[in-house]
Amino acid sequence: ELPEFRLPEDPSPAEIRAGLAKEAEEIKKRIPKGAWFCVCTPEGKGLSSEELAEKIAQSEMNGIGDLCFIIGSSHGLSDRVKKAANHRMSMSRLTFPHQLARVMLFEAVYRAGEINRGTKYHK
């Protein structure tokens with residue numbers, strides 16, 4: 001988890017771009033080397049629980065031990081981060097507060113793990 005990068009109350013487009021660029025630097029530093037990473041972004045692809053489980057299973061079969069999910073700020077994510085991601089996922093067409101998105105993502109990843117383990121949790 002990264003500390004929130006604060007912008008002025010009514011940021012200009014240039015201030016937003018600069019903030020996203022600074023965030024991108026911090027994000028890139030913290031992604032484990034060789035990790036599969038996914039950005040949560042509105043323009044991403046929506047996945048079912050089973051499809052997310054398959055993505056995670058594929059990364060494990062490819063010997064990737066670290067998974068990293070990035071949730072952007074209310075201004076989104078830098079294109080640099082989005083382009084570097086292994087996958088771009090849309091959580092919904094709706095907008096959610098950051099803290100709620102974290103809980104929803106945690107549940108989705110947990111559910112995917114349970115699907116991959118063959119439990120009945122996801123039903």
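The values are calculated or read from the model by the stated rules, or taken from the named source; none is laboratory data. Small disclaimer: the values here were computed from a predicted structure and weren't measured. Heads up, the Cβs are rebuilt from the backbone with ideal geometry, glycines too, and the neighbour counts pull from every protein chain shown. Ligands, DNA and RNA are excluded from the accessible area calculation, which covers all protein heavy atoms including side chains. Shrake-Rupley method; radii C 1.70, N 1.55, O 1.52, S 1.80 Å.
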Q. Where does helix 13-30 land angle-wise versus the long Cα axis of the chain, in degrees 0 to 90, nearest 10?
A. 40
Q: Express the accessible area of the stretch 41-83 per residue in Å², computed with a 1.4 Å probe while the remaining protein chains stay in the model.
A: 59
Q) In the chain, which longest range has no GluC sites (Glu not before Pro) that are both DSSP loop (not H, G, I, E or B) and surrounded by at most 14 other Cβ atoms within 10 Å? A) 10-123
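On a 1.4 Å probe surface of the protein chains, which of 89, 61, 104 comes out largest in accessible area, and what is the full order?
On the way: 89 15, 61 150, 104 65 Å².
If we order 89, 61, 104 from most to least accessible, we get 61, 104, 89.
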Q. To the nearest 10 Å², what's residue 16's accessible area with a 1.4 Å probe?
A. 40
Q: With a 1.4 Å probe and all protein chains in place, put 120, 83 in order of accessible area, largest first.
A: 120, 83
Q.
Solvent-accessible area of residue 109, probe 1.4 Å, all protein chains present, reported in Å² to the nearest ten, please.
A. 50
**Q.** Coil-residue chymotrypsin sites (Phe, Trp or Tyr not before Pro) of the stretch 40-123, DSSP, other Cβ within 10 Å capped at 13
**A.** 121
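When the solvent-accessible surface of protein heavy atoms is calculated with a 1.4 angstrom probe, in what order do 10, 79 fall, highest first?
On the way: 10 135, 79 95 Å².
Highest to lowest solvent-accessible surface, that is 10, 79.
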Q) If one takes the longest principal axis of the Cα atoms in the chain, at what angle in degrees, from 0 to 90 and to the nearest 10, does the Cα axis of helix 98-117 lie? A) 20
Q. Taking the alpha-carbon centroid of each part, what is the distance from the stretch 91-111 to the stretch 1-44 in angstrom?
A. 17
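Specify whether the C-alpha gyration tensor of the stretch 45-123 places it in the rounded, prolate or oblate class, a ≥ b ≥ c being the square roots of the eigenvalues: rounded for a/c under 1.5, otherwise prolate if a/b is larger than b/c and oblate if not.
Working: a/c = 2.27, a/b = 1.34, b/c = 1.69.
In terms of gyration-tensor shape, oblate.
Based on the alpha-carbon gyration tensor of the stretch 1-109 and its eigenvalue square roots a ≥ b ≥ c, which shape applies: rounded if a/c is under 1.5, prolate if not and a/b is larger than b/c, or oblate?
On the way: a/c = 2.21, a/b = 1.54, b/c = 1.44.
Prolate.
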